[in-house]
């Protein structure tokens with residue numbers, strides 16, 4: 001029987017914490033955890049530990065939260081754990097070559113994309129936003145590039161027409177943990193078969209900004225519907241009424257509507273359960289909206305208490321063109 005591996009785990013959000021849970025329940029020994037420093041959160045802006053930190057402390061593991069791993073003293077501390085593998089899942093810090101070379105079998109990354117399709121910080125959202133019909137998880141041997149290392153395992157899944165960033169996140173989470181377990185077993189017994197990525201097939205999944213969540217009504221309804229699903233539950237798309245441009249109305253759900261010749265951004269119909277808005281091509285029927293300071297409501301409920309909130313012909317603000 002192959003001896004258990006000594007693992008260092010590095011990650012930050014819930015996606016990473018769930019992978020840590022699976023490792024703690026497995027045959028290998030997690031000897032330390034690395035995660036981002038505590039961040040201000042909530043209305044009180046109190047420092048909040050990451051999900052990985054919470055899980056690690058509950059398991060009695062040492063936790064490190066360096067601002068950088070470029071400091072030789074931090075690198076020496078990491079090396080003292082004599083790890084066989086460092087498992088990285090949505091950590092948020094770049095690993096310098098000195099760190100990549102420290103564990104006996106190197107560092108591996110669980111990436112929420114079928115590499116090399118989406119490299120970067122937001123592969124889940126960018127896949128839905130682009131209209132991809134397939135996603136998956138790749139376990140990768142890390143190198144100094146951005147998600148460019150050799151692939152050790154790939155597991156795929158379809159992206160459904162109703163999938164959101166949240167639902168695809170959960171699907172990939174269920175795929176990632178067993179794939180990670182299998183990959184570690186292969187590394188332990190020497191049967192891993194790395195495959196080189198085809199760089200010509202890669203796209204950059206840039207980090208999602210709140211500013212880009214504003215709906216650009218000049219775009220097609222199909223493109224906007226994909227964006228609405230991709231940005232649910234974060235940062236959530238929004239629009240602003242022309243008669244109240246400082247008011248952000250969050251758009252959680254929408255369906256494709258009929259073709260229309262109305263100006264983009266104008267309300268063309270107020271149905272019992274939707275608000276129909278003209279787009280550059282086609283229209284969108286907004287079905288779940290959230291007013292500032294309120295909870296998200298189906299449009300039917302929203303209109304019941306705010307009958308005069310919208311009117312046919314009213315327009316939403318067109319965002320300024322990005323440079």
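Only one of the numbered conditions (1) more than 21 Å from residue 229 (Cα to Cα); (2) in contact with a strand residue (DSSP E or B) (Cβ under 7 Å, 6 or more places away or on another chain) is violated by residue 79, and that is (2). Across region 297-313, a minimum of one residue is classified as in contact with a helix residue (DSSP H, G or I) (Cβ under 9 Å, 6 or more places away or on another chain) and either loosely packed, with under 13 Cβ neighbours inside 10 Å or closer than 25 Å to residue 168 by Cα (or both). When region 82-103 is filtered for residues that are surrounded by fewer than 17 Cβ atoms within 10 Å (Cβ to Cβ), in a loop (DSSP other than H, G, I, E, B) and modelled with pLDDT of 95 or more, the ones remaining, listed by number, are 82, 96, 101.
Considering only residues that are touching a strand residue (DSSP E or B) at 6+ places or on another chain (Cβ under 8 Å) and either in a loop (DSSP other than H, G, I, E, B) or free of Cβ contacts under 8 Å to residues at least 24 places away in the same chain (or both), which ones fall in region 313-323? Listed by number, the residues that qualify are 313, 314, 317, 319. Scanning region 109-121 for residues being modelled with pLDDT of 95 or more, outside any strand (DSSP E or B) and under 18 Å from residue 230 (Cβ atoms) gives a total of 4. Restricting attention to region 154-188 and to residues that are farther than 18 Å from residue 124 by Cα and surrounded by fewer than 20 Cβ atoms within 10 Å (Cβ to Cβ), the residue that is farthest from the chain's Cα centre (by Cα) turns out to be 188.
Matching residues to (1) closer than 19 Å to residue 13 by Cβ; (2) assigned by TED's automatic domain parsing to the domain that holds residue 23; (3) modelled with pLDDT under 95; (4) in contact with a strand residue (DSSP E or B) (Cβ under 6 Å, 6 or more places away or on another chain):
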{"position": "107", "(1), (2), (3), (4)": "yes, yes, no, yes"}
{"position": "128", "(1), (2), (3), (4)": "yes, yes, no, no"}
{"position": "147", "(1), (2), (3), (4)": "yes, yes, no, yes"}
{"position": "157", "(1), (2), (3), (4)": "no, yes, no, yes"}
{"position": "166", "(1), (2), (3), (4)": "yes, yes, no, no"}
{"position": "174", "(1), (2), (3), (4)": "yes, yes, no, no"}
{"position": "182", "(1), (2), (3), (4)": "no, yes, no, no"}
{"position": "191", "(1), (2), (3), (4)": "no, yes, no, no"}
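The single condition from (1) over 23 Å from residue 17 (Cα atoms); (2) modelled with pLDDT of 95 or more that residue 61 fails is (1). Screening region 1-78 for strands (runs of 3 or more DSSP E) wholly inside it with 1 or more residues that are in contact with a helix residue (DSSP H, G or I) (Cβ under 6 Å, 6 or more places away or on another chain) and touching a residue at least 24 places away in the same chain (Cβ under 8 Å) returns the ranges 6-11, 29-34. Report, by residue number, each residue of region 242-260 that is modelled with pLDDT of 95 or more and farther than 26 Å from residue 126 by Cβ. Answer for region 242-260, where residues must be modelled with pLDDT of 95 or more and farther than 26 Å from residue 126 by Cβ: 258, 259, 260. Go through region 264-312 and give me each residue that's in contact (Cβ under 8 Å) with a residue 40 or more places away in the chain, outside any loop (DSSP other than H, G, I, E, B) and more than 25 Å from the chain's Cα centre (by Cα). Of everything in region 264-312, those that are in contact (Cβ under 8 Å) with a residue 40 or more places away in the chain, outside any loop (DSSP other than H, G, I, E, B) and more than 25 Å from the chain's Cα centre (by Cα) turn out to be 266, 267, 268, 269, 270, 277, 278, 281, 283. In the same structural domain as residue 187 (by TED's automatic domain parsing), more than 24 Å from residue 187 (Cβ to Cβ) and surrounded by 16 or more Cβ atoms within 10 Å (Cβ to Cβ): does that describe residue 53? Considered against the rule, which asks whether it is in the same structural domain as residue 187 (by TED's automatic domain parsing), more than 24 Å from residue 187 (Cβ to Cβ) and surrounded by 16 or more Cβ atoms within 10 Å (Cβ to Cβ), residue 53 comes out as yes. Looking across region 189-216, not a single residue is buried (at least 19 other Cβ atoms within 10 Å of the Cβ), assigned to a helix (DSSP H, G or I) and over 22 Å from the mean Cα position of the chain (by Cα).
The values are calculated or read from the model by the stated rules, or taken from the named source; none is laboratory data. Predicted model, so just to flag it, every value in this text is computed and none were measured. Heads up, the Cβs are rebuilt from the backbone with ideal geometry, glycines too, and the neighbour counts pull from every protein chain shown.
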